Amino acid sequence: MSDNSIDRRKFLYGTGAVGITGLAGCSGGGGDGSDGSDGSDGTDGSDGSDGSDGDDGGSAELSLRVGTSAGGTQDVGLAVERAVSQESDTLDYSTIESPGYIGTIYRMAQNQFNAGITDNNSLNKALDDRGRFSEQSVSRIPQYGFGAFPYSIYVVARDGTDIETFDDLAGANVYPAEPGYSTRATTLDVWSQDPTADVYDQMNIQNMGVGDAPGAMEEGTIDASIAYGAPGVRYTGFVQEMASRVDLHYVEPTDALIDSAESYAGAGTTRTSYSDWQIAGTDIGTDEVFTWDLEVNYTFNPEANPDAVYELCRVVHEHNDVVNNGEEQFNNYDSAEGMLGYAQERIPVHPGAVQYYKDNDAWDDSLQEGDTA
């Protein structure tokens, strides 16, 4: 993937016109934001938007309206909201329902809320006008604040398929999750580039919903599937159901797959001990899994009050245990440096977050500070 500079796009911060038209016709693939879905990207002002610009209106009380999709993402957002209500006397945090990660980027570009939870792959696609953004681009993306959680992904196969390594997926019936899911999009983005494109081109990609996938695996119409969730915490529901109904084994990554995952800017990579992250207590024949990760972040518009962003960073850092008690999927931060773990050079960091990192000796000078509105 090319490492385009930030000059690839002119960021029109603070403007009302962001180059989005006709979004009501953009289908979201039927996802609802759960289990790594990106949901729909309709921008009709429904689903929690009240038509305001998401600013705090100059109030003495700091305010953040946070666009949050359904499912596990919403669980994390609500845990952060509860922590803010308990540990901050100055910040008013409100969760606004948003149609998935891509929909959140669109709606933040329209100032429907001033903060939102989205992911690095969607942000990179928005920068490069790829995927959904090739049809309807945005003139700005939100600025990074801190990492929230990963969806880590690898492949399992049904016993008896003779699939042992990634190369064996050529010609197999492969299920990369339901169409519209961000975990699926990230997986196919990794696989479809060199040096794994030749294997990907020979796969028979299956397009059913997650509710049908465990039965299809049991019936033998799916040979292999992605498995994903939050490492050390849980797997998504359909993966757990597959493991409870079918004997599965780990599909070993090839050097080509590792190279492809590590070179793709929209994903991170991780190695996790399987004993710390078992699927429904089953043995899949490995001590460690190599994953490509959908990195999910808290992001902020330039209009978001820097003091409000600073205060939110303080709460999730200083009271990380409170957030984790509410939802263990949220990242466990022992230091402020860890909060920058998903930051990328081409995505600006919000000035309020930058100040928090500087005050805690955690700022990385290779990153860029975003503009304010």
> What do you get for Rg/Rh over segment 300-360 if you use C-alpha atoms and the Kirkwood form of Rh?
Replying inline: 0.97
>> Can you classify segment 150-294 as rounded, prolate or oblate using the Cα gyration tensor, where a ≥ b ≥ c are the square roots of its eigenvalues, rounded means a/c under 1.5, and otherwise it's prolate if a/b beats b/c and oblate if not?
In response: rounded
>> Give the separation of the Cα centroids, segment 251-267 to segment 335-373, in Å.
In response: 27
> For labels at Ile205 and Glu288 in the simple 7 Å Cα→Cβ model, what's the distance in nm?
Replying inline: 3.0
>> At 1.4 Å probe size, with the rest of the protein present, what percent of the exposed accessible area of segment 221-373 is carbon and sulfur atoms?
In response: 36
> Put a dot 7 Å past each Cα toward the Cβ at Ser273 and Ser134; how far apart are the dots in nm?
Replying inline: 4.3
> What does the accessible area per residue of segment 109-202 come to in Å², with a 1.4 Å probe and no ligands, DNA or RNA counted?
Replying inline: 26
> Given labels modelled 7 Å from the Cα in the Cβ direction, how far is it in nm from Asp198 to Glu328?
Replying inline: 4.4
> So how far, in whole Å, is the C-alpha centre of segment 58-93 from the one of segment 119-154?
Replying inline: 22
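The values are calculated or read from the model by the stated rules, or taken from the named source; none is laboratory data. All values derive from a computational prediction rather than experimental measurement. For neighbour counting, all protein chains shown are included, and Cβ atoms are generated from backbone atoms with ideal geometry for every residue, glycine included. Calculation scope for accessible area: heavy atoms of the full protein, side chains included, ligands and nucleic acids excluded. Shrake-Rupley method; radii C 1.70, N 1.55, O 1.52, S 1.80 Å.
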